[in-house]
Amino acid sequence: MSKTLTLGAIKKENAKYRETKRIQLDSKNHLDVNIKFDPDTKALAKAEFIQLFFDKLIEITKESNVEGEFDQQLHEEKCEEYLSTDISIGIQTALMIKHFSTLSVEAKTYDDYVDLMSQLGKYEYTEDILNGFDKEETNKLLEEFAVEIDATNNKILEEVEKEKLKQQSQVSE
């Protein structure tokens, strides 16, 4: 037999998202990481990732317009350079650190997040921080990022196809 949901039960369930674990980075520095990832904060991190990705894609597209002409090869090269899987995973990791640890992250742009990961890497903090997170939570979030990326890519491809069909119908008229 089920029981009626109460505010107390909801608060108890939500309390698990406030549990943290302290990570000692070196003799002077530490930070706390969330043990469980709050669904609302995960949604925020995923939305921020997609926004960063689109902003960078728009920037690359603008830079690929040379003297009024779109340079497809330049666009593809820049996309490979800046939107590679490795960099994408770095951005996802940075967002995980931002949203699920006590590290104060002031990054606003795609390039800021790349710089954040570079700085953390210089001091070899990244691995210690990631090892502090629950592996299952980390893997679930990375899978959710992958689903978001696939959905976004599919949406982009749909829009490109719609635009092609629209242009073809205008040419045939």
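The values are calculated or read from the model by the stated rules, or taken from the named source; none is laboratory data. Just so you know, these numbers come straight off a predicted model, no measurement behind them. With ideal geometry, Cβ positions are generated from the backbone for all residues, glycine too; neighbour counts draw on all protein chains shown.
Kindly evaluate residue 3 against the criterion of being of a type in the set (Lys, Arg), farther than 30 Å from residue 153 by Cα and part of a loop (DSSP other than H, G, I, E, B).
For residue 3, the condition - of a type in the set (Lys, Arg), farther than 30 Å from residue 153 by Cα and part of a loop (DSSP other than H, G, I, E, B) - is met.
Taking residue 121 as the residue in question, decide whether it is crowded, with 17+ Cβ neighbours inside 10 Å, over 16 Å from the mean Cα position of the chain (by Cα) and among the small types (Gly, Ala, Ser).
Against the criterion (crowded, with 17+ Cβ neighbours inside 10 Å, over 16 Å from the mean Cα position of the chain (by Cα) and among the small types (Gly, Ala, Ser)), residue 121 does not qualify.
List, please: which pairs have Cβ atoms under 7 Å, are six or more places apart or on different chains, and start with a residue in the stretch 147-173 that is on the phi > 0 side of the Ramachandran plot and end with one that is hydrophobic (A, V, I, L, M, F, W, C) and exposed (fewer than 10 other Cβ atoms within 10 Å of the Cβ)?
Note: no pairs meet the criteria.
Determine whether residue 55 is within 12 Å of residue 99 (Cα to Cα) and surrounded by 10 or more Cβ atoms within 10 Å (Cβ to Cβ).
no
Could you check the stretch 6-47 and list, in sequence order, the residues that are assigned to a helix (DSSP H, G or I) and more than 17 Å from the chain's Cα centre (by Cα)?
Listed by number, the residues that qualify are 7, 8, 9, 10, 11, 12, 13, 14, 15, 16, 17, 18.
Report yes if some residue within the stretch 138-154 is among the hydroxyl-bearing types (Ser, Thr, Tyr), surrounded by 13 or more Cβ atoms within 10 Å (Cβ to Cβ) and over 30 Å from residue 24 (Cβ atoms); otherwise report no.
There is at least one residue in the stretch 138-154 that is among the hydroxyl-bearing types (Ser, Thr, Tyr), surrounded by 13 or more Cβ atoms within 10 Å (Cβ to Cβ) and over 30 Å from residue 24 (Cβ atoms).
Kindly list, by first and then second residue, each pair from a residue in the stretch 16-36 that is farther than 21 Å from residue 120 by Cβ and surrounded by 13 or more Cβ atoms within 10 Å (Cβ to Cβ) to a residue that is basic (Lys, Arg) and at pLDDT below 95, limited to pairs with Cβ atoms under 8 Å and residues at least 6 apart or on different chains.
Listed by first residue and then by second, the contacts come to 36/16.
Which residues, taken from the stretch 37-67, are among the β-branched types (Val, Ile, Thr), closer than 22 Å to residue 138 by Cβ and without any contact (Cβ under 8 Å) to a residue 60 or more places away in the chain?
Within the stretch 37-67, 41 is the sole residue that qualifies.
Assess whether residue 93 counts as being at pLDDT 95 or above, among the β-branched types (Val, Ile, Thr) and farther than 18 Å from residue 25 by Cβ.
When the stated conditions are applied, residue 93 does not pass them.
Could you please find all residues in the stretch 109-146 being part of a helix (DSSP H, G or I) and touching a Lys or Arg at 6+ places or on another chain (Cβ under 9 Å)?
110, 111, 113, 116, 132, 137, 140, 141, 144, 145, listed by residue number.
Sort out which residues of the stretch 83-104 are among the aliphatic types (A, V, I, L, M), more than 17 Å from residue 55 (Cβ to Cβ) and in contact with a Leu (Cβ under 7 Å, 6 or more places away or on another chain), and write them in order of number.
The answer is 96, 97, 103.
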